[in-house]
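Notes to accompany the following structure.
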Amino acid sequence: MSKLGTLGARLHHGEVGYDFVKNRKIWYGISILITITAIVGLAVRGLHMGIEFQGGAVFTTPKNMSASVSQTETWAEDASGHDAIVQKLGDGSLRIQIAGTDTQQSDRIKEDLSGKLDVPAEKINADLVGPSWGDQIANKAWQGLGIFMVLVVIYLAIAFEWRMALAAFVALIHDITITVGIYALVGFEVTPGTVIGLLTILGYSLYDTVVVFDSLKEQTKDITKQTRWTYAEIANRSINSTLVRSINTTVVALLPVAGLLFIGGGVLGAGMLNDISLSLFVGLAAGAYSSIFIATPLVADLKEAEPQMKALKKRVLGKRAQGAVKGEQAPADADGAPYAEDESDDAAPAVVGPRNQPTARGRGRGRPSGKRR
């Protein structure tokens, strides 16, 4: 068995582990800091909306153009008076996007580019996108996101409970905020592909969260009938038992996305891949982080605020303190919490301290009952 597989088995059986729930305030602080940075970046820099959302013209030149991207961008900005985005496609053609132009301006820009690029005007393809169509796309995107969130909360509340639904909702908002904030800081263009990427990462994030929640739901069944574990300790065991699985699925998903982002968009220059690959890459990483460090610890906080869980925690800690006074010590898992092989509530912890002396060997053996003569 590989080292990772061995580690996964030991995590699953509670032989090793990390106390995520105990250190939850650290992760909350890190998440708040990252989220504030993302919000500040979004407020200061704003999003670079693509032409599909704000309207404009898209010009496509013939194949195998000799003009450079930077030079063409300068010509397009001079001709239009607006910012231009130029991308070189795989066949050597140029894709020129200019926002805020109408039909008359488009014809004039096309003629100007024809002379600068030394290409007949009829060979330059021009497509116009109206601002009203972009507004419709943006509204549909927000509607889709809102419907998705509502359905997620309803499903989790029915399948699990409202506390888990609330924790998952907070984790999803966390992932969206970080991804959108990084888009603002990096300055990548927001296109319909970006929206698709955002909805995709929410599904991945929700998957990791549901895996942990399912394990937690199973392990906390009839939790109040025992006095060995608190809810937070069982939540921590659930995270550790699914940790390697979450890491494996995230890494496998990140590898092809990283190829699109760094090789396709960075090395090969296929800039159109950046809009969807960046949202997928950042969102997948943020989703895995929030499932482990945010969602489950938050559920533990919400559950341990209940009177039943407070009473359970008091009984568990009281029983451990009583055992310590008697010099008894139960075997412990990686988190330091005692456990026993017998899962019944009456199972006593294993005694490793001083034991009662056994009855003397042979005492009373072979002697009749009654008085000695």
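Of the residues Ala126, Ala157, Ala167, only one is in a helix (DSSP H, G or I) and touching a residue at least 24 places away in the same chain (Cβ under 8 Å); which? Walk me through it before giving the result.
Numbers: Ala126 fails: in a helix (DSSP H, G or I); Ala157 fails: touching a residue at least 24 places away in the same chain (Cβ under 8 Å).
Step by step, each of Ala126, Ala157, Ala167 is checked, and only Ala167 is in a helix (DSSP H, G or I) and touching a residue at least 24 places away in the same chain (Cβ under 8 Å).
Can you find a residue that is under 40 Å from the mean Cα position of the chain (by Cα) and part of a strand (DSSP E or B) anywhere in segment 77-84?
Of segment 77-84, the ones under 40 Å from the mean Cα position of the chain (by Cα) are 77, 82-84.
Add one more test, that the residue is part of a strand (DSSP E or B), and what stays is 84.
Within segment 77-84, one or more residues are under 40 Å from the mean Cα position of the chain (by Cα) and part of a strand (DSSP E or B).
Can you report the number of residues in segment 306-328 which are under 17 Å from Arg163 (Cβ atoms), free of Cβ contacts under 8 Å to residues at least 60 places away in the same chain and open to solvent by 60 Å² or more (accessible area, probe 1.4 Å)?
So the first thing to find is which residues in segment 306-328 are under 17 Å from Arg163 (Cβ atoms), and the list is 306-310, 312-313.
From what's left, free of Cβ contacts under 8 Å to residues at least 60 places away in the same chain: 306-307, 310.
Within this subset, residues satisfying the condition of being open to solvent by 60 Å² or more (accessible area, probe 1.4 Å) are 307, 310.
Residues that pass the stated criteria total 2.
Within the group Phe213, Phe262, which residue is aromatic (Phe, Trp, Tyr) and open to solvent by 20 Å² or more (accessible area, probe 1.4 Å)? Lay out the reasoning, then the answer.
Values: Phe213 fails: open to solvent by 20 Å² or more (accessible area, probe 1.4 Å).
None of the others qualify; the one that does is Phe262.
Do the conditions hold for Asp127, that is, is it touching a strand residue (DSSP E or B) at 6+ places or on another chain (Cβ under 6 Å) and either within 21 Å of Asn274 (Cα to Cα) or surrounded by fewer than 17 Cβ atoms within 10 Å (Cβ to Cβ) (or both)? Considered against the rule, which asks whether it is touching a strand residue (DSSP E or B) at 6+ places or on another chain (Cβ under 6 Å) and either within 21 Å of Asn274 (Cα to Cα) or surrounded by fewer than 17 Cβ atoms within 10 Å (Cβ to Cβ) (or both), Asp127 comes out as yes. The test for being free of Cβ contacts under 8 Å to residues at least 40 places away in the same chain and assigned to a helix (DSSP H, G or I) does not hold for Ile196. Of Val40, Val21, all but one fail to be surrounded by fewer than 19 Cβ atoms within 10 Å (Cβ to Cβ) and either modelled with pLDDT of 85 or more or over 27 Å from Ala167 (Cα atoms) (or both); the exception is Val40. In the set (1) open to solvent by less than 80 Å² (accessible area, probe 1.4 Å); (2) in contact with a Phe, Trp or Tyr (Cβ under 8 Å, 6 or more places away or on another chain), Val170 fails one condition alone, (2).
Which residues, counting only those in segment 73-106, are among the hydroxyl-bearing types (Ser, Thr, Tyr), open to solvent by 10 Å² or more (accessible area, probe 1.4 Å) and at pLDDT below 85? Within segment 73-106, Ser80, Thr101, Thr103 qualify. Selection of segment 111-122 for residues being touching a helix residue (DSSP H, G or I) at 6+ places or on another chain (Cβ under 8 Å) and open to solvent by 50 Å² or more (accessible area, probe 1.4 Å) yields Glu111, Asp112, Lys116, Pro120. Entry remark, segment 174-210: residues being among the hydrophobic types (A, V, I, L, M, F, W, C), within 24 Å of Val252 (Cβ to Cβ), open to solvent by less than 20 Å² (accessible area, probe 1.4 Å) and modelled with pLDDT under 90 number 2 in total.
Of the residues contained in segment 55-64, none is found to be within 21 Å of Tyr183 (Cα to Cα), at pLDDT 85 or above and open to solvent by less than 40 Å² (accessible area, probe 1.4 Å).
Between Ala141, Ala232, the distinction of being surrounded by 15 or more Cβ atoms within 10 Å (Cβ to Cβ) and closer than 30 Å to Arg45 by Cα belongs to Ala141 only. Among the residues of segment 62-75, is there at least one that is over 23 Å from Ile137 (Cβ atoms), aromatic (Phe, Trp, Tyr) and in contact with a Lys or Arg (Cβ under 8 Å, 6 or more places away or on another chain)? Within segment 62-75 (the criterion being over 23 Å from Ile137 (Cβ atoms), aromatic (Phe, Trp, Tyr) and in contact with a Lys or Arg (Cβ under 8 Å, 6 or more places away or on another chain)), the answer is yes, since at least one residue qualifies.
Listed by position, the helices (runs of 4 or more DSSP H) enclosed by segment 222-337 that each have at least 3 residues that are at pLDDT 85 or above and within 15 Å of the chain's Cα centre (by Cα) are 243-258, 274-290, 296-303. Going by the conditions given, is Thr35 at pLDDT 80 or above and within 30 Å of Val299 (Cα to Cα)? In short, yes.
Flag: Ser70 does not match the condition of being among the small types (Gly, Ala, Ser), open to solvent by 20 Å² or more (accessible area, probe 1.4 Å) and more than 39 Å from the chain's Cα centre (by Cα).
The values are calculated or read from the model by the stated rules, or taken from the named source; none is laboratory data. None of the values given here were measured: they were computed from a predicted structure. Note: ideal-geometry Cβ built from the backbone for every residue, glycine included; neighbour counts use all protein chains shown. Only protein heavy atoms, including side chains, enter the accessible area calculation; ligands, DNA and RNA are left aside. Shrake-Rupley method; radii C 1.70, N 1.55, O 1.52, S 1.80 Å.
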